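Asks: I'd like to ask some things about the structure below.
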Amino acid sequence: VIKLLYSPTSPFVRKVLVVARERGLENRIERVAATAHPVNRNDAIAAINPLAKVPAAITAEGLSLFDSRVICEYLDSLAGAQLFPPAGPARWSALTCQALADGMVDAAVLVRYETHLRPQPLQWAAWRDAQTGKVERALAGLEATLDQWGAGLTIGSIAAGCGLGYLDFRFPDLHWRQSCPRLAAWLEAFSARPSMQATVPRDTH
Ligand SMILES: N[C@@H](CCC(=O)N[C@@H](CS)C(=O)NCC(=O)O)C(=O)O
């Protein structure tokens, strides 16, 4: 089995779980709940990933793997690579889509930390707004490139689906569907996949 340190609300963990389901590997994953926090380091996570972020995994052979991109590619390879195409234009395009979606989520997570974790007197509105701007430009980028990545099931479309799902979960007031109607229609169809349905983020408390 593969031990996966996970949190039920992390969009990066969700990518891993979606890949596992899409490749029929969910029985090979043992989930270990782990709360990551950017200030209060979780030593159980840090023992595997010095960056103390989830997801982090230990393979059956005892390899420590992180981050989500590496764990996803590892899982895909176990079932005969499909979601990560071989070197060539399809691969560069899928990886760039993943980078855009992951980068959008990185900025959104920073906004969330700024507004929910950082003490009020230390908060910096211009910094929060700049990160929100990155989220908005990433959304516009996904909308503009939908024709390149939207049709297939790759690590790019999975990252986009999980990233958009995170925005809906944590930033319902962003109303991104107004400016990205094609992306909105795409997500509606993509969200119907059983792998996406089984991994919808929810707060546990
Ligand atoms: N690039 C990493 C990002 C992972 C990440 O940011 N995880 C968040 C939870 S959504 C985390 O562990 N944050 C704790 C921290 O920032 O120290 C990946 O793709 O796995």
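The values are calculated or read from the model by the stated rules, or taken from the named source; none is laboratory data. On a predicted model such as this, the values are computed, not experimentally measured, just so you know. All Cβ positions, even for glycine, are placed from backbone atoms using ideal geometry, and neighbour counts span all protein chains on display. The area values use the complete protein model at the heavy-atom level, side chains included, leaving out ligands, DNA and RNA. Shrake-Rupley method; radii C 1.70, N 1.55, O 1.52, S 1.80 Å.
Asks: In terms of solvent-accessible area of protein heavy atoms at a 1.4 angstrom probe, what is the ranking of Leu95, Leu139, highest value first?
Replies: Leu95, Leu139
Asks: How many angstrom lie between the C-alpha centres of the range 1-20 and the range 172-196?
Replies: 21 Å
Asks: Once label points are set 7 Å from the Cα along Cα→Cβ at both Ala184 and Ala33, what is their separation, rounded to one decimal in nm?
Replies: Result for the modelled spin labels: 3.5 nm.
Asks: Given points 7 Å out from each Cα along the Cα-Cβ axis, report the Val1 to Thr59 separation in nanometres with one decimal.
Replies: Taking the simple label geometry, Val1 and Thr59 are separated by 1.9 nm.
Asks: Using just the helices of the chain, give the 222 nm mean residue ellipticity in deg cm²/dmol: DSSP H runs with n ≥ 4 each add -39,500 (n - 2.57), and the total is spread over all residues, rounded to 500.
Replies: Mean residue ellipticity, 222 nm, calculated: -17000 deg cm²/dmol.
Asks: If I take every Cα pair under 8 Å that is 6 or more residues apart in the range 54-100, average their sequence separation and divide by the length, what percent do I get for the relative contact order?
Replies: 20 percent
Asks: Counting only protein heavy atoms and a 1.4 Å probe, tell me what percentage of the range 53-115's accessible area is made up of carbon and sulfur.
Replies: 63 percent
Asks: Follow-up. Accessible area per residue, 1.4 Å probe, Å², for the range 62-106: what's the number?
Replies: Roughly 46 Å² per residue, with all protein chains present.
Asks: For the range 120-164, what % of the accessible area comes from carbon and sulfur atoms, probe 1.4 Å?
Replies: C and S fraction of accessible area: 56 percent.
Asks: Any chance you could run the full-extension gain for Ala44 through Trp124? It's 0.36 nm times the residue separation minus the Cα-Cα distance, nm to one decimal.
Replies: Length difference between fully extended and current span is 25.7 nm.
Asks: Next up: Using just the C-alpha positions of the range 90-155 as equal point scatterers, what log10 of I(q)/I(0) does the Debye formula give at each q in 0.14, 0.22, 0.23, 0.26 1/Å?
Replies: -0.49, -0.85, -0.90, -1.04
Asks: Which value, in Å², gives the accessible area per residue of the range 141-190 when a 1.4 Å probe is used on the protein heavy atoms?
Replies: Value returned for the range 141-190: 44 Å² of accessible area per residue.
Asks: Among the complete DSSP H segments of the chain, which ones combine at least 18 Å of alpha-carbon extent along their axis with a mean Kyte-Doolittle hydropathy of -0.5 or more?
Replies: 89-116, 125-149, 155-170
Asks: Would you mind telling me the antiparallel percentage of the DSSP bridges in the chain, rounded to 5?
Replies: 50 percent
Asks: Separate question: Using 0.36 nm times the number of residues separating Leu153 and His175, minus their current alpha carbon distance, what extension gain do you get?
Replies: Gain on stretching Leu153 to His175: 5.4 nm.
Asks: With contacts defined as alpha carbon pairs under 8 Å and 6 or more residues apart, what's the relative contact order of the range 99-152 in percent?
Replies: In percent, rounded to a whole number, it is 48.
Asks: Tally Lys/Arg at +1 and Asp/Glu at -1 over every other residue whose Cβ is under 13 Å from the Cβ of Ala198; what's the total?
Replies: Taking every other residue near Ala198 into account, the sum is +3.
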